[in-house]
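Engineer: Attaching a single structure in structure tokens format; questions to follow.
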Ligand code: PMP
């Protein structure tokens, strides 16, 4: 039984006040809050078994290694990867994307083409532009419509025998659109292209199944799903991870080093040079467990109710425009009030204890499409309530009165 009041007790930060008002945290798409269960794991790590992993014979090192590798298996099971060694621990989504882009720089030729979508975060645009500059390959873009959906007929036309890679986010951070990644992956495979899906926004809402999706690469960040910052994962199909050269050289990623030649370690260590974020990895596993204990079906259902309620209530406000009205979307609402800069609304909302994001949300091409400087973005998590939606509505109305 989904009990939001009980769930809220797990999050100490939700008890605090901001500017003398109870915090209403609606910036979950930027980063999620951390439950006590995950905070406890972080404290436990540094209190009881802090040690470097994979190389120590002593007890602390063994314990830390076991917990870190257990976390990798938790992530593997949650995302249904076939093997634990297909889960590469990264510093986050951006790191995972750059790791793949860097690997492909030695595999692409001048005549090759790569495809991104109009709905991407900058971290899924810039590394591919850099890759094109290095290799001479061409970057093509799947366009979007005014509802914030990808135009799939155009995608069909962009795919050619020269397409080598397709990169699309599972869910848009700026608009909340859930992209038809199953169809995108299938069509890319028909022309022999590999697909990387950016799951940064999907991981707190949807349990993505690597084997069912038949995706080549999938990346996400722990901090979007109740875990700490500075840790995430890259899933790669085993065959692809064998094919890609390592991203960084250093300790932990080698089999044998001489000045004449170095051979690399097996997966996943080939891509994990240096001392990793050990505590972060273990806490990531705890965050995955925490969310699964609540259950993704219950989370999806509850967040959808919040989305529908908030959308209906916001639409009642005069001169308020919502951007991104896709049929298939998650609990993100981007909006503007006519004649008022989003930054001014965000600043006033903060004075009333309400945390929202304002600006281009690292997705300038989407803002350019709508010809706006940015939006106010309210993004809801499973620990938000209808009362918090009501507080948002009251505060937006107040801000509108003050600013117009
Ligand atoms: N892609 C999307 C869709 C995102 O929302 C974000 C985070 N805002 C990122 C990539 C980058 O994630 P990180 O900053 O954790 O690397």
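The values are calculated or read from the model by the stated rules, or taken from the named source; none is laboratory data. Here the structure is a predicted model, which means the values were calculated and not measured. We place every Cβ from the backbone using ideal geometry, glycine too, and count neighbours over all the protein chains shown.
Engineer: Looking at 165, 139, 131, which one is in the same structural domain as residue 279 (by TED's automatic domain parsing), assigned to a strand (DSSP E or B), crowded, with 19+ Cβ neighbours inside 10 Å and away from the ligand (no atom under 16 Å from the Cβ)?
Structural biologist: Going through 165, 139, 131 in turn, just one is in the same structural domain as residue 279 (by TED's automatic domain parsing), assigned to a strand (DSSP E or B), crowded, with 19+ Cβ neighbours inside 10 Å and away from the ligand (no atom under 16 Å from the Cβ): 165.
Engineer: Taking the condition within 13 Å of the ligand (Cβ to nearest atom) and closer than 20 Å to residue 215 by Cα, does residue 107 pass?
Structural biologist: Taking the combined requirement at face value, the residue does not satisfy it.
Engineer: Can I ask one more? Looking at this structure, is residue 148 more than 16 Å from the ligand (Cβ to nearest atom), surrounded by 15 or more Cβ atoms within 10 Å (Cβ to Cβ) and in the same structural domain as residue 242 (by TED's automatic domain parsing)?
Structural biologist: So residue 148 fails the test.
Engineer: Grab the strands (runs of 3 or more DSSP E) fully contained in the stretch 203-296, keeping just those with 1 or more residues being touching a helix residue (DSSP H, G or I) at 6+ places or on another chain (Cβ under 6 Å) and more than 20 Å from residue 80 (Cβ to Cβ).
Structural biologist: 262-264
Engineer: Go through (1) more than 19 Å from residue 247 (Cβ to Cβ); (2) surrounded by 24 or more Cβ atoms within 10 Å (Cβ to Cβ); (3) within 15 Å of the ligand (Cβ to nearest atom); (4) at pLDDT 95 or above and name the single condition residue 100 misses.
Structural biologist: (1) is the only condition that residue 100 fails.
Engineer: Could I ask something else about it? Please work out which one of (1) part of a helix (DSSP H, G or I); (2) touching a residue at least 40 places away in the same chain (Cβ under 8 Å); (3) over 16 Å from residue 363 (Cα atoms); (4) within 14 Å of the ligand (Cβ to nearest atom) is the condition residue 89 fails and give its number.
Structural biologist: (1)
Engineer: Taking the stretch 228-240 as the search range and keeping residues that are over 12 Å from the mean Cα position of the chain (by Cα) and more than 9 Å from the ligand (Cβ to nearest atom), which one is surrounded by the most Cβ atoms within 10 Å (Cβ to Cβ)?
Structural biologist: 236
Engineer: Another question, if that's okay. Of 95, 58, 54, which residue is more than 16 Å from the ligand (Cβ to nearest atom) and in contact (Cβ under 8 Å) with a residue 40 or more places away in the chain?
Structural biologist: Only one candidate passes the filter, namely 54.
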